[in-house]
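K.L.:
Have a look at this one.
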Amino acid sequence: MTMMDYDLLISQAQAITADEPDLIANLSNLSALVFDQLDDVNWVGFYLTREPDTLVLGPFQGKVACLRIPFGKGVCGAAASSLETQLVEDVHAFPSHIACDSASNAEVVVPLTVHQRVVGVFDLDSPTVGRFTQHDADGLSKLGRFIETLNWNQLNGSQNV
Ligand code: SME
């Protein structure tokens, strides 16, 4: 597998969101862009902090997924609690991992923070153990920094902006 060019991906992300102020529309297309551009992924999307300490399913590409994840639970909840990108080689070795799709074996989750508050997480799954490297985690975290610059203040019901 070739190394992903994340600077190019971020340029594409900027281009497809530049003229659109609606957050949900932009997150929807971003999940489609990343799902399309990365090899060997089976789920790409967002969980949004819509209630205190709770991630609620947002725009995504992939199979039907868990609707709500408490902060601290699973890989997504660990990202939300720790504010650190989670790079998991094998989700079955991760304590409290939440299995939404039995095909998922590796995962990266990037926490998204605006004004020092977690507004959501960006979650990617792969069917291949060890699919994601530090290069992917770093590139996706950089993409996360761009996603944080979108219009998060229009998220109705968010506790965090
Ligand atoms: N596996 C995740 C749950 C979300 S799905 O992968 C879409 C977790 O443990 O947080």
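The values are calculated or read from the model by the stated rules, or taken from the named source; none is laboratory data. What you see is a predicted model; the values in this text were computed from it and never measured. Cβ coordinates were reconstructed from backbone atoms using ideal geometry, including for glycine residues, and neighbour counts include every protein chain displayed. For accessibility, only protein heavy atoms count, side chains too; no ligands or nucleic acids. Shrake-Rupley method; radii C 1.70, N 1.55, O 1.52, S 1.80 Å.
K.L.:
Please give the net charge around L38, taking every other residue with its beta carbon less than 10 angstrom from that of L38, where Lys and Arg add +1 and Asp and Glu add -1. Please report the intermediate quantities before stating the final value.
P.N.:
Details: positive: R131; negative: D36, D39, D40, D136.
Spelling it out: positives minus negatives among the neighbours equals -3.
K.L.:
Given the Cα-Cα distance of Q14 and R117 and 0.36 nm per residue of separation, how much length would full extension add, in nm?
P.N.:
Working: separation 103, 0.36 × 103 = 37.08 nm, distance 2.27 nm.
Full extension of this stretch gives 34.8 nm more.
K.L.:
Given a Förster distance of 25 angstrom, what is the FRET efficiency for Q154 paired with D36, based on the Cβ-Cβ distance and rounded to 0.05? Let's see the in-between values first.
P.N.:
Values: r = 26 Å, r/R0 = 1.02.
In this case the efficiency is close to 0.45.
K.L.:
Would you calculate the convex hull of the Cα atoms in region 6-154 and tell me its volume per residue in Å³? Could the numbers behind the result be given before it?
P.N.:
Working: hull volume 14.1 nm³, N = 149.
Normalising the Cα hull of region 6-154 by residue number yields 94 Å³.
K.L.:
Scan around T113 for amide H atoms under 5 Å from its own, H built in the peptide plane at 1.01 Å from N, and keep only partners 5 or more places away or cross-chain.
P.N.:
V119
K.L.:
Next up: With every protein chain present, what accessible area does T54 have (1.4 Å probe, heavy atoms only), rounded to the nearest 10 Å²?
P.N.:
30 Å²
K.L.:
Around C76, what is the net charge, scoring Lys/Arg as +1 and Asp/Glu as -1 over all other residues with Cβ under 14 Å from its Cβ? Could you put the intermediate results ahead of the total?
P.N.:
Values: positive: R50, R68, K73; negative: D53, E84, D101, E107, D123, D125.
That works out to -3.
K.L.:
What translational diffusion coefficient, to the nearest whole µm²/s, does region 49-128 have by Stokes-Einstein, given a Kirkwood radius computed over alpha-carbon pairs, a temperature of 4 °C and 1.567 mPa s viscosity?
P.N.:
On the way: Rh = 12.5 Å.
Here the translational diffusion coefficient equals 103 µm²/s.
K.L.:
Please list D22, D7 from largest to smallest accessible area, probe radius 1.4 Å, with all protein chains kept in place.
P.N.:
Details: D22 65, D7 90 Å².
The ordering from most to least exposed comes out as D7, D22.
K.L.:
I need the phi-derived Karplus couplings for region 60-71: 6.51 cos²θ - 1.76 cosθ + 1.60, θ = phi - 60°, integer Hz, Gly and Pro marked x.
P.N.:
Using θ = phi - 60°, the values come out as 7, 10, x, 7, 2, 10, 4, 7, 9, 9, x, 3 Hz.
K.L.:
Moving to a separate point now. What does the charge add up to near N151, with Lys and Arg as +1, Asp and Glu as -1, over the other residues with Cβ less than 12 Å from its Cβ? Write out the running numbers ahead of the final one.
P.N.:
Details: positive: none; negative: E20, D22, E148.
Once all neighbours under 12 Å are counted, the net charge is -3.
K.L.:
Moving on. What is the extension gain from T2 to K63, computed as 0.36 nm multiplied by their sequence separation minus the C-alpha to C-alpha distance, in nm to one decimal?
P.N.:
On the way: separation 61, 0.36 × 61 = 21.96 nm, distance 2.56 nm.
Going from the current span to full extension adds 19.4 nm.
K.L.:
Considering only N26, N151, N42, give the residue with the highest GNM mean-square fluctuation for the chain, with springs between Cα atoms whenever their separation is below 10 Å.
P.N.:
N151
K.L.:
What order do you get for 57-69, 135-147 when each peptide is scored by the mean count of other beta carbon atoms within 10 Å, highest first? Present the calculation step by step, with values, prior to reporting the outcome.
P.N.:
Numbers: 57-69: 16.3, 135-147: 17.9.
Put in order of decreasing packing, that is 135-147, 57-69.
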